1. Has the range 346-353 got at least one residue that is over 24 Å from GLY187 (Cβ atoms) and at pLDDT 95 or above?
2. For residues that are closer than 23 Å to TYR232 by Cα, in contact with an Asp or Glu (Cβ under 9 Å, 6 or more places away or on another chain) and at pLDDT below 90, tally how many sit in the range 196-218.
3. Only one of these is surrounded by 14 or more Cβ atoms within 10 Å (Cβ to Cβ), in the same structural domain as LEU201 (by TED's automatic domain parsing) and either more than 23 Å from LEU177 (Cβ to Cβ) or modelled with pLDDT under 95 (or both): VAL332, VAL393, VAL377. Name it.
4. Considering the range 61-78 alone, what residues qualify as being modelled with pLDDT of 75 or more and farther than 19 Å from GLY121 by Cβ?
5. With PHE388, PHE361, PHE365 as the choices, which residue is exposed (fewer than 15 other Cβ atoms within 10 Å of the Cβ), modelled with pLDDT under 95 and among the aromatic types (Phe, Trp, Tyr)?
6. Scan the range 5-28 and give yes if some residue there is buried (at least 16 other Cβ atoms within 10 Å of the Cβ), of a type in the set (Lys, Arg) and either at pLDDT below 75 or on the phi > 0 side of the Ramachandran plot (or both), otherwise no.
7. Restrict the check to the range 327-341 and report whether at least one residue is among the hydrophobic types (A, V, I, L, M, F, W, C), assigned to a helix (DSSP H, G or I), over 17 Å from the mean Cα position of the chain (by Cα) and under 19 Å from GLY187 (Cα atoms).
8. If you go through the range 136-144 one residue at a time, do you hit one that is more than 30 Å from THR84 (Cα to Cα), modelled with pLDDT of 90 or more and within 17 Å of the chain's Cα centre (by Cα)?
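The values are calculated or read from the model by the stated rules, or taken from the named source; none is laboratory data. In this text the structure is predicted, and so the values were computed from the model without any measurement. Note that each Cβ is placed from the backbone with ideal geometry, even for glycine, and that neighbours are counted across all protein chains shown.
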Amino acid sequence: MTLRSANSQQLRQALLFILWAGLALFVGYALMGHSVVSDAYSGKSISFFNKALESRGEHSLEFYQKKADYLIYFLGTGWITALTVLMRLLRAPSAVERRFIDSLLFLQVASLFWSYFLSHGTERHWYVIQEIMTFTGHPPYQHRVLFVGLAHALRTLSPSLTYHESYLMSQMAAIVLALWAVRRLAGLFISRDLTFIAPCLALLMYAPTLDYFTFYDIGIIFVYSFCLYHLYRRDFIPYTLMFAVGTYNHELTLFLVVTSACVFIGRMKPGHLAGFLILQLAVYAGVRSTLFFFLPTTHLWDGGKVAYNSGLFFEHPRTLFMNLYQPVFWYVLAAFGLPHAPPALRRSLIILPCLLVMTFFVGQFNESRQFDAFIPVAVMLMVSWIAFRVGMVPAERDSRVA
């Protein structure tokens, strides 16, 4: 089905709404933005803005005004992207024009991702880039080395790079890889003409999780998107290779073993499934063994997480809500795609309870980045819903997806 089959009247209404809403927001910010931030910094604005800056004592007023400027830049780029998408839906371009527009959209989302990353990421005392790159960082960070290796390679090629500069360049590669993998995965659930929606959604889901710089968070999105794509297509060789490589990025690849079991149980011969699971566990154990051999460590995680998380639930529920309401919002939207998603995607929901259990025992619920591995699944559920609504489900989807 072509783009012309979309409801043009609804698209025109959406285009006009986004156009005027965006203009109103940007004009309003230009006239009153810094004044609103200044009032909130002084505790004289409305309750919502005052609470948003409740940690204002840690930074200057100029710091928060700069953050607000970056946020408007972020929204403005997203606004332009949305208008571009809707205009493309209203007019079916030629194949050459489509590839050109898609490339521009990809570059725009990648540049927006990069700009947001630079403006909102910070370096914390428990994750110092130079310490991580010299393998003296606090466990378990020192075992998440995939993009650390890339940063070292960049410094070898260009010795003038600082640790911080090589880190940022490694994350530029991670951003491009993650957006590419998310878009390729979306091709299993929506017509190729609309796969550009997936990177936009992935960025919107990731942005609220960004707090401090790490080598591995964006890499998790890349590894999971790549592995799920090949898992659904039963391409076991590239899946297994990336599973091994991805374990050097983060030990969360273990949940892909659980996911593959859920996806294929009852759909693969028991002996074959058992062999596939054993192979993954053997690869995982092999990778982890090399890490412990070359980078010995005293422990796998910090203790006291159960007490900390229990305190969040029972003593600081507002803090918990303020840190988790944004991913929960996206999960609610993703739920609309469940009736329209193929079984393999629905079975992949197992990733979320795995992350919840893991976070309770060894993570912190006030860090929404703990759930980045679920972003590819949530995005694909939203994409499935969009595909159903606009009639753009790819041909023979069920035959290509496990």
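1. Keep residues of the range 346-353 that are over 24 Å from GLY187 (Cβ atoms), which gives 353.
So of that shortlist, the ones also at pLDDT 95 or above come out as 353.
Within the range 346-353, one or more residues are over 24 Å from GLY187 (Cβ atoms) and at pLDDT 95 or above.
2. So the count comes out to 1.
3. Details: VAL332 fails: surrounded by 14 or more Cβ atoms within 10 Å (Cβ to Cβ); VAL377 fails: either more than 23 Å from LEU177 (Cβ to Cβ) or modelled with pLDDT under 95 (or both).
Among VAL332, VAL393, VAL377, only VAL393 is surrounded by 14 or more Cβ atoms within 10 Å (Cβ to Cβ), in the same structural domain as LEU201 (by TED's automatic domain parsing) and either more than 23 Å from LEU177 (Cβ to Cβ) or modelled with pLDDT under 95 (or both).
4. Within the range 61-78, LEU61 is the sole residue that qualifies.
5. On the way: PHE388 fails: exposed (fewer than 15 other Cβ atoms within 10 Å of the Cβ); PHE365 fails: exposed (fewer than 15 other Cβ atoms within 10 Å of the Cβ).
It is PHE361.
6. Scanning the range 5-28, I find no residue that is buried (at least 16 other Cβ atoms within 10 Å of the Cβ), of a type in the set (Lys, Arg) and either at pLDDT below 75 or on the phi > 0 side of the Ramachandran plot (or both), so the answer is no.
7. Looking only at the range 327-341, we keep the residues that are among the hydrophobic types (A, V, I, L, M, F, W, C), and these are 328-330, 332-336, 338, 341.
Filter once more, keeping what is assigned to a helix (DSSP H, G or I): 328-330, 332-335, 338.
Filter once more, so that each one left must be over 17 Å from the mean Cα position of the chain (by Cα): 335, 338.
Next, only the ones that are under 19 Å from GLY187 (Cα atoms) stay: 338.
Within the range 327-341 (the criterion being among the hydrophobic types (A, V, I, L, M, F, W, C), assigned to a helix (DSSP H, G or I), over 17 Å from the mean Cα position of the chain (by Cα) and under 19 Å from GLY187 (Cα atoms)), the answer is yes, since at least one residue qualifies.
8. Looking through the range 136-144, none of the residues is more than 30 Å from THR84 (Cα to Cα), modelled with pLDDT of 90 or more and within 17 Å of the chain's Cα centre (by Cα).
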